[in-house]
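Colleague: This is the structure, below, for whatever I ask next.
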Amino acid sequence: MIAIAEVTPAWYLVLGAILFSIGTVGLLVRRNPLVMFMCIELMLNAVTLTFVTFSRMLHDVNGQSVVVFVLVVAAAEVVVGLGIIVALLRKQPTATADDLNVLRG
Amino acid sequence: MKTLDLVWLVPALPLAGFVVLVAVGRRLGEPVAGWLATAACGSAFLATLVVFAALVGEDPEHRRHVYDLFEWLNVGGFEVQLGFLADPLSITMALFITGIGTLIHLYSIGYMHGDPKFSKFFVYLNLFVFSMLMLVLGSNMLVTFLGWEGVGACSYLLVSFWFSKDANASAGKKAFVTNRIGDWGFMTAMFLTFATIGSLDYSVVLERAPEMAPVTATAIALLLFVGACGKSAQLPLFVWLPDAMAGPTPVSALIHAATMVTSGVYLMTRVSPILAQSYTWGPEVIAWVGVVTALFAATIAVAQTDIKRVLAYSTVSQLGYMFLAVGTGAYVAAIFHMVTHAFFKALMFLGSGSVNHGMHDEQDMRRMGGLRKLMPITAVTFIVGWLAISGVPPFSGFWSKDEILLFAYDKSPALWAIGLITALLTAFYMSRLIFMVFYGEPRWGDAEGHAKGGEAPLEPTESPWLMTVPLVVLAGLALVGGGLNLPFTGDVHFLEHWLEPVLEGNERVIDVATGTKVGLAVIAALAGLGGIILAARVYLQKRLQPVEPAILAEGWRYDSTISAFMGGPGQQGFDAVATFDRTAIDGAVNGVAGAVRGGGKGLRLLQTGFVRSYALGVAVGVVGLLAYFLTRAGI
């Protein structure tokens, strides 16, 4: 008999933490701006998942409403961020994040 | 409004003259500018007379009036009024300042005739009279200090009046710089007074002076004396006065003989309660400095050949007498001698100016002689001044000098003996001057004189009436000035009774038998006559060889030693200070700036421009914060 473990909220929290860590490590180790951007999206969504989980655990609807805000901000961010990245890659198709160092002190 | 409130008019009138002359003096030109300045000073004299009359009308106990014109400063607990104090002392000073000032203004119209900067001269002269009146009439130390600095600035401007000649310009600078040393003393004394009493008003300070600790009172008195040494040319700060003779002669008469140089004596008299409160050695220091200066300057005067330098050293010497009087508690005698000295020394300076004028700017006495017949008025008035300063009775100088010597004798016979030797020397060098200039053979037409310029022979002539009238008036005052305070019993101590409310019993009372008094007076008169006879035998009859050692002609090499020191080790010292300033002081300031700049340079490197390194920073920060909170929660 295969014991099917019961899915507890902790699983979702662990999943959120794993996703967040993947996003962070990806952001730190990759140089392609587009991939880094995706990693940030991943981190955002990990946080969203955590919010929803806690909302269920604590029976507090506020957590879910925050998610809506996060989605709105993420959408806005995609518009701006993608715009910048597209403009950059058009100018220099092989550009990496390390080439964007005009603001070096 | 009381008549005494008019005291503010006394300095205001010369100030008005100054302002008008600054605005339109050049357009008025010669001689209107001079007459205007004279009128300003003369009207100040009249205003002083009015105040004087009002003051006489009061009871002796109430002869003291403070009139505040406006509030000058109000900072925290520090309040200073621009106020004037009318009391017997200040009005006595104001009377002879404006009186002699007017005469010298008048004289200057004649003396400065034809000078391209004629109107500018009177601008300065009026400014000087204003400053001097502020000095003596100020109701607190700060107003006095304002006047003190004002007269110093005017002295500088007037000494270097003909600044196109290098020597004149540097003489002005010397006067100014030397006076700064004295000003340091005055300022420190003011700080100390304010710290002790919390006010600079004379009425408060002098009333509460008896509460001062003797050590504080001594410190204040001696610091003020340092200021007085600078202004009144006492040892060791007298070096500027002989050089100040580079200025026009009326300036020497007004500033460097009659008024400004006596302001130190005025100041010490004004603060007599502080002197009374200090240790007994405090006033003794003043007396000794005074008497040593008197002797020192008199020995130098014996060997000078420039007529104005003889008079300059003589002024230093006579000022020494006044400080001797202050130090022995004889304030009345000090003021008495100040007034008589103002009469006869201004007279002699103006007389020497008249001689220079007649001799076409020749100041060397070796090229004069026999001028008695050619310049009769100058000669006669000069002779009156000579007899007065030599202490020949009944001329004014005899009475005032005798009083000082009497107090000195009572204090210490040593002081008296030095004073007496100085009196003899004074008579000697003044007689030498008279005999060289007005008697003997004329020496202005000799080969040397011709070789000098190659021009037509000099024909000395008497000066115009504008110059001789002040001489005659001053000669009259020098003759009868002694009547201010005759030493006989009864009511003839006019000056003493008049000044009594100001000195409030700080004047020392001496108890000397009448016989001793008469004896001292006779000895002093004999000393004066002895000096005259000695000089007559040397310079008139030529029976004795003149003794004029080079070291005396060079003023004991005092001045040149200072110059050598300042040029040598002093210069090195100043260079060291300058180096210290450049390296240590500036180094500290620049070092702080450099450290900030270097730190910024290092911190700037954190801004690498690599997005991923920023992200790493954020991640590490988050982990750190998280670790911190989790461990705290775990506890």
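Where a number appears in this text, it was derived from the coordinates with a stated rule and is not lab data. Every value quoted in this text rests on a predicted model; they were computed, and no experiment measured them. Backbone-built Cβ (ideal geometry, glycine too); neighbour counts: all protein chains shown.
Colleague: On each of the three principal axes of the Cα atoms of segment B:191-272, give max minus min coordinate, whole Å, ordered largest first.
Modeller: 46, 24, 17
Colleague: Another one. Angle, helix A:9-29 long axis vs. longest principal axis of chain A, Cα atoms, 0 to 90°, nearest 10?
Modeller: 10
Colleague: If we restrict to alpha carbons, what Rg and Dmax does segment A:10-96 come to, in Å?
Modeller: For segment A:10-96, the Cα radius of gyration and maximum Cα-Cα distance read 15.3, 50 Å.
Colleague: While we're on this one: Determine the dipole magnitude for segment B:163-278: charges of +1 sit on the beta-carbon of Lys and Arg, -1 on that of Asp and Glu, nothing else is charged, the reference point is the Cα centre, and the result goes in debye to the nearest 20.
Modeller: Once rounded to the nearest 20, the dipole reads 260 debye.
Colleague: Need the list of aspartates and glutamates near B:Lys373 for cross-linking: C-alpha distance under 17 angstrom, and skip anything on the same chain fewer than eight residues off.
Modeller: Candidates past the 8-residue exclusion: B:Glu441, B:Glu459, B:Glu462.
Colleague: At 222 nm, what value in deg cm²/dmol follows for the protein assembly as shown if DSSP H runs of at least 4 each add -39500 (n - 2.57) and the sum is divided by all its residues, to the nearest 500?
Modeller: -23500 deg cm²/dmol
Colleague: Between B:Glu504 and B:Asn590, what FRET efficiency comes out of the Förster formula 1/(1 + (r/R0)^6) with R0 = 56 Å and r the beta carbon distance, rounded to 0.05?
Modeller: Result of the calculation: an efficiency of 0.50.
Colleague: Hey, with R₀ at 51 Å, roughly what FRET efficiency would B:Arg582 and A:Val78 work out to, going by the Cβ-Cβ distance, to 0.05?
Modeller: For B:Arg582 and A:Val78, the calculated efficiency is 0.25.
Colleague: What angle, in degrees between 0 and 90 and rounded to the nearest 10, separates the Cα long axis of helix B:396-411 from the longest principal axis of the Cα atoms of chain B?
Modeller: Tilt of helix B:396-411: around 60 degrees.
Colleague: Mind checking the alpha-carbon convex hull of chain B and giving the volume per residue in Å³?
Modeller: 251
Colleague: Within segment B:85-124, find all residues whose amide N lies under 18 Å from a label point positioned 7 Å from the Cα of B:Ala169 along Cα-to-beta-carbon.
Modeller: Output list for this probe position: B:117.
Colleague: So for chain B, averaging the separation of alpha carbon pairs under 8 Å that are six or more residues apart and normalising by length, what relative contact order in percent results?
Modeller: Averaging sequence separation for qualifying contacts and normalising by length gives 12 percent for chain B.
Colleague: Right, something else. How far is helix B:558-567 tilted off the main Cα axis of chain B, in degrees rounded to 10, range 0 to 90?
Modeller: Long axis of B:558-567 versus the principal axis of chain B: about 20 degrees.
Colleague: One-quarter of the Cα convex hull surface for segment B:515-566, in nm²?
Modeller: One quarter of the hull surface, i.e. the mean projection, equals 5.9 nm².
Colleague: Could you please report the charge total around B:Phe382, scoring K, R as +1 and D, E as -1 over all other residues with beta-carbon less than 12 angstrom from its beta-carbon?
Modeller: Around B:Phe382, the surrounding residues sum to +2.
Colleague: What are the ³J(HN,Hα) couplings of segment A:88-100, residue after residue, when phi is run through the Karplus curve with 6.51, -1.76, 1.60 and θ = phi - 60°? Round to Hz, x for glycine and proline.
Modeller: After applying 6.51 cos²θ - 1.76 cosθ + 1.60, I find 5, 5, 5, 6, 8, x, 9, 5, 10, 4, 6, 6, 8 Hz.
Colleague: Another question, then. Which residues' amide hydrogens lie under 5 Å from the amide hydrogen of B:Gly83, considering only partners 5 or more residues apart or on another chain, with H built in the peptide plane?
Modeller: Sorted by chain and number, the residues that satisfy this are B:Leu69, B:Ser139, B:Asn140.
Colleague: Would you please report the Å³ per residue occupied by the convex hull of the alpha carbon atoms in the protein assembly as shown?
Modeller: So the per-residue Cα hull volume is 319 Å³.
Colleague: Label B:Glu459 and B:Glu58 with points 7 Å out from Cα along Cα→Cβ: what is the distance between them in nm?
Modeller: Each label point lies 7 Å from its Cα, and together they span 5.8 nm.
Colleague: Give me the three principal axis extents of segment B:1-139 from the C-alpha atoms, as integers in angstrom, largest value leading.
Modeller: Here the spans come out as 50, 38, 22 Å, largest first.
Colleague: Under a plain spin-label model, where a point goes 7 Å from the Cα along Cα-to-Cβ, how far apart in nm are B:Val22 and B:Val518?
Modeller: Going by the 7 Å Cα→Cβ label model, 5.9 nm.
Colleague: From zero outward in steps of 10 Å, how is the percent of C-alpha pairs of segment B:534-635 spread across the bins?
Modeller: Bin by bin from 0 Å, the calculated values are 11, 13, 13, 12, 11, 9, 8, 7, 6, 4, 5, 2.
Colleague: Could you tell me which chymotrypsin sites (Phe, Trp or Tyr not before Pro) in segment A:25-105 are loop residues by DSSP with no more than 12 other beta carbons within 10 angstrom of their beta carbon?
Modeller: none
Colleague: On to the next question. Find the Cα radius of gyration of segment B:224-373, compare it with 2.2 N^0.38 Å by division, and give the number to two decimals.
Modeller: Against the compact-globule rule of thumb, the ratio is 1.08.
Colleague: Taking θ as phi - 60°, what are the ³J(HN,Hα) couplings along segment B:229-234 by the Karplus curve (6.51, -1.76, 1.60), each to the nearest whole Hz, with x for Gly and Pro?
Modeller: 4, x, 6, 9, 6, 9
Colleague: Something else now. Between B:Glu554 and B:Phe629, how many nm apart are label points set 7 Å from Cα along the C-beta direction?
Modeller: A separation of 9.0 nm, rounded to one decimal place.
Colleague: Could you work out the relative contact order of segment A:10-96, using alpha carbon pairs under 8 angstrom and six or more residues apart, expressed as a whole percent?
Modeller: 27
Colleague: Estimate the FRET efficiency between B:Ala619 and A:Val102 by the formula 1/(1 + (r/R0)^6), using the beta-carbon distance for r and 30 Å for R0, to the nearest 0.05.
Modeller: 0.80
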